Amino acid sequence: MNRIIYLDNAATTRLNPKVLDSMLPYLKESYGNPSSIHFLGRENKKAIDKAREQVAKSLNAQFNEIFFTGGGSESDNWAIKGVAFANESKGKHIITTNIEHHAVLHTCKYLEKYGFEITYLPVKSNGIIDIEDLKKAIREDTILISVMFANNEIGTIQPIKEIGEIAREKGIYFHTDAVQAIGHIPIDVKELNIDLLSLSAHKFNGPKGVGVLYIKSGVNILSMIHGGGQERGKRAGTENVAGIVGLGEAIEIATKDIEKKSKYLITLRDRTIKELINRIPDTILNGDPKKRLPGNINVCFKYIEGESILLMLDMKGLAASSGSACTSGSLKPSHVLLAIGLPHEIAHGSLRLTLSEETTDKDMEYLLEVLPPIVENLRKMSPLIKNK
Amino acid sequence: MEEYSKKVMDHFFNPRNVGVIEDADAIGEVGNPVCGDIMKMYLKIKDNVITEIKFQTFGCGAAVATSSMVTEMVKGKTLEQALEITNKNVAEALDGLPPIKMHCSNLAESAIKAAIDDYRKKNDHRK
Ligand SMILES: Cc1ncc(COP(=O)(O)O)c(C=O)c1O
Ligand code: FES
């Protein structure tokens, strides 16, 4: 069994070989510090500027609105803490959702210790917020709305445009964690009225440990790291040049033919979901059937537990993930699955399959062949199912 | 993630004594308060000795492997001997568990205890 089928692209993606090639010079012969005056320095500065231009173009942002960071978590931390502490004289209320990534949720929890009040909007059973809830939650002292573009577990896409309009009308900053969305759905920060946006290179075939915070010009935000004047004084430290170059290249490639890519993925995704439900009894699709990331499948198989499914799939060369308590490290089931109203024991049997444009029909056929007997065998072992 | 030992994987992929005993003399069912998993043990007991045992588990790889291992460990033992088996013994017999998975082995120990409790309640001859 040498077959490898990688269905965990929401966790991270394979580095595109073209991206790697673009990075190599900056790990080898072009080793200058971008802040240096000499030719090696200038060459590196140019490389960063090119990447900044590539990112700006992909988001329809301005060159000087792009700030490189150490990844998605850092961008989320910076956006939320940076806006909160810079604007606390105006108010200390922040609105977010209860399905955000922990990089947002734990940052908000941290702010609560400093007297900020956070409203965690619930989501409907399809994983999408009710825009009326958002309107009702807005107060005089609301300074920031942070709602993720697309969810990393169930793939649901939030009504970002409507949120952006409401935020602009009320004069509240709007941040979105677009880590899962970039390169998979077209994003225009101007059209969507986004003030701050987080992204991370390794989710669109770029390198790990490098990301971006888009900060619309005029947004009042604190600096992330104090030190040398890098990133216009807002995020000091000698730049991760190779990483930044790779991010630039990756975002350009990823946003180039989103339409074609997503059409392919949506077809593959929907067919696979249909077949899973057909072939495996007591299967539930989590999240919205349509308003979801093109490559995201998230299902629950009743009566069984996710880690066991993953181990069995692993044996067959399939890499996937689960929101089961047993796989979570914290031993709590996924907060996202609980937020959409699943009981603990059903959340336990969740399986997330995240496809990429490299995923083929054949891969899905193979999955559909091996998965039903795995579920059946685990159910035979389950005390929750009677007479089977 | 930390890897499971070869023995854990063996017991996970080829669990011993899975299933139900319809006319069991004792049944023990326990839930894991940590992660919400469930384990059920069915025992046949003759002359104070566990002659047959089967389990059902709703849980992770470690939970399945510890259930399987504990059934092998207690089969043919007297109730007193079975009660002496601790979760640590079970984990050791599997060549260890990742630290975060140690709690799963509690389930195996408590399921056996629960089953024997059940048996003693039903057959309290000392009265
Ligand atoms: C929605 C979302 N936000 C933030 C992050 C964190 O990104 P990074 O791993 O680059 O810090 C992730 C990735 O796990 C994510 O999926
Ligand atoms: S039984 Fe849930 S983590 Fe092992």
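Over chain B, with a Gaussian network built from C-alpha contacts below 10 Å, which listed residue (B:Lys75, B:Lys113, B:Lys46) shows the highest mean-square fluctuation?
Of B:Lys75, B:Lys113, B:Lys46, the most mobile in the Gaussian network model is B:Lys46.
Sort out for me the Cα centre separation of segment A:154-184 from segment B:95-127, rounded to whole Å.
If we compute the Cα centre of each part, the gap is 51 Å.
Let a ≥ b ≥ c be the square roots of the eigenvalues of the Cα gyration tensor of segment A:163-244; is it rounded (a/c under 1.5), or, if not, prolate (a/b larger than b/c) or oblate? List each step's numbers first, then the result.
On the way: a/c = 3.05, a/b = 1.25, b/c = 2.45.
Because a/c hits 1.5 or more and a/b fails to exceed b/c, segment A:163-244 counts as oblate.
Given the DSSP H assignment, sum -39500 (n - 2.57) over each helix run of at least 4 residues in chain A and divide by its residue total; what's the result at 222 nm in deg cm²/dmol, nearest 500? Each step should come with its number before you reach the end.
Values: 12 runs with 149 residues, N = 388.
It lands at -12000 deg cm²/dmol.
Work out the length of the dipole vector of segment A:290-388 about its Cα centre, built from +1 on the beta-carbon of each Lys and Arg and -1 on the beta-carbon of each Asp and Glu, and round it to the nearest 20 debye.
Working: 12 positive and 11 negative charges, 107 e Å.
Rounded to the nearest 20 debye, it is 520 debye.
Over segment A:258-381, what is the relative contact order in percent, taking alpha-carbon pairs closer than 8 angstrom and at least six residues apart?
Values: 169 pairs, mean separation 37.1, N = 124.
Result for segment A:258-381 is 30 percent.
Need one value for A:302-308: mean number of C-beta atoms belonging to other chains within 10 Å of its residues' C-beta atoms. Write down the numbers at each step before the final one.
Values: counts 0, 1, 2, 11, 1, 11, 9.
For this peptide, the per-residue mean of nearby foreign Cβ atoms is 5.
Ratio of segment A:46-191's C-alpha Rg to 2.2 N^0.38 Å, to two decimals?
On the way: Rg = 15.1 Å, N = 146, 2.2 N^0.38 = 14.6 Å.
Computed over Cα atoms of segment A:46-191, the ratio equals 1.04.
Counting other beta carbons within 10 Å of each residue's own, what order do A:His202, A:His184, A:His106 fall into, fewest first?
Numbers: A:His202 23, A:His184 28, A:His106 14.
Lowest count first: A:His106, A:His202, A:His184.
Most exposed first by the Cβ proxy, i.e. fewest other Cβ within 10 Å, how do B:Phe58, A:Phe116 rank?
On the way: B:Phe58 27, A:Phe116 22.
Lowest to highest Cβ neighbour count: A:Phe116, B:Phe58.
For the cross-link pairs A:Lys45/A:Lys263; A:Lys203/A:Lys302; B:Lys54/B:Lys101, which exceed 32 Å when the distance is taken from alpha carbon to alpha carbon? Before the final figure, lay out the partial values.
Details: A:Lys45/A:Lys263 37 Å; A:Lys203/A:Lys302 30 Å; B:Lys54/B:Lys101 22 Å.
With Cα atoms farther than 32 Å apart: A:Lys45/A:Lys263.
How high is the relative contact order of chain A, in percent, with contacts defined as C-alpha pairs under 8 Å that are six or more residues apart? Spell out each step's value before the answer.
Values: 780 pairs, mean separation 83.6, N = 388.
About 22 percent, as a whole number.
Gap in Å between the Cα centre of segment A:204-247 and the Cα centre of segment A:300-326?
Segment A:300-326 and segment A:204-247 have Cα centres separated by 37 Å.
Against the empirical 2.2 N^0.38 Å scaling, what ratio does the C-alpha Rg of chain A come to?
Details: Rg = 21.7 Å, N = 388, 2.2 N^0.38 = 21.2 Å.
Taking N as the residue count of chain A, the ratio is 1.02.
Looking at chain A as a GNM with Cα springs under 10 Å, which of A:Asn220, A:Asn151, A:Asn77 has the largest mean-square fluctuation?
A:Asn220
So which aspartates and glutamates can B:Lys77 reach, going by Cα to Cα under 19 Å and dropping same-chain residues fewer than 8 places off?
B:Asp25, B:Asp47, B:Glu52, B:Glu92, B:Glu109, B:Asp117, B:Asp118
A:Lys190: which lysines have alpha carbons under 20 Å from its alpha carbon, excluding same-chain residues fewer than 8 sequence positions away?
A:Lys57, A:Lys161, A:Lys170, A:Lys216, A:Lys256
What net charge do the residues around A:Pro289 carry, taking every other residue with its C-beta under 12 Å from that of A:Pro289, with Lys and Arg at +1 and Asp and Glu at -1? Walk me through the numbers before you get to the answer.
On the way: positive: A:Arg269, A:Lys274, A:Lys290, A:Lys291, A:Arg292; negative: A:Asp270, A:Asp288.
The answer is +3.
Treating segment B:4-120 as a set of equal point scatterers at the Cα positions, no solvent, please give the Debye-formula log₁₀ I(q)/I(0) at q = 0.21, 0.23 Å⁻¹.
-1.09, -1.30
Assign unit charges at the C-beta atoms only (+1 for Lys and Arg, -1 for Asp and Glu), then state the dipole size of the protein assembly as shown relative to its Cα centre in Debye, rounded to the nearest 20.
Details: 66 positive and 66 negative charges, 23 e Å.
Approximately 120 debye in magnitude.
With point charges of +1 on the Cβ of Lys and Arg and -1 on the Cβ of Asp and Glu, referenced to the Cα centre of the protein assembly as shown, which listed residue (A:Thr142, B:Thr78, A:Ala250) lies farthest in the positive direction of the dipole?
Farthest along the dipole direction, towards plus: A:Thr142.
Just how large is the dipole of segment B:4-120 about the Cα centre, in debye to the nearest 20, putting +1 at every Lys and Arg Cβ and -1 at every Asp and Glu Cβ? Please list the in-between numbers first.
Numbers: 13 positive and 16 negative charges, 59 e Å.
Using only the charged Cβ atoms, the result is roughly 280 debye.
Quick check on segment B:1-115: of the DSSP beta bridges with both residues there, what percent are antiparallel, nearest 5%?
So the antiparallel bridges in segment B:1-115 amount to around 95 percent.
Within the set of other residues whose C-beta is less than 13 Å from the C-beta of B:Ser5, count the net charge using Lys and Arg as +1 and Asp and Glu as -1. Please report the intermediate quantities before stating the final value.
Numbers: positive: B:Lys6, B:Lys7, B:Lys101; negative: B:Glu2, B:Glu3, B:Asp10, B:Glu92, B:Asp95.
After counting each charged neighbour, the total is -2.
Kindly put B:Val18, A:Val210 in sequence by how many other C-beta atoms sit within 10 Å of each C-beta, fewest to most. Don't skip to the end; give the middle numbers.
Working: B:Val18 17, A:Val210 28.
In order of increasing Cβ crowding within 10 Å: B:Val18, A:Val210.
Read the figures in this text as sums done on the coordinates, not as results from a lab. Since this is a predicted model, take the numbers as computed values, not measurements. For neighbour counting, all protein chains shown are included, and Cβ atoms are generated from backbone atoms with ideal geometry for every residue, glycine included.
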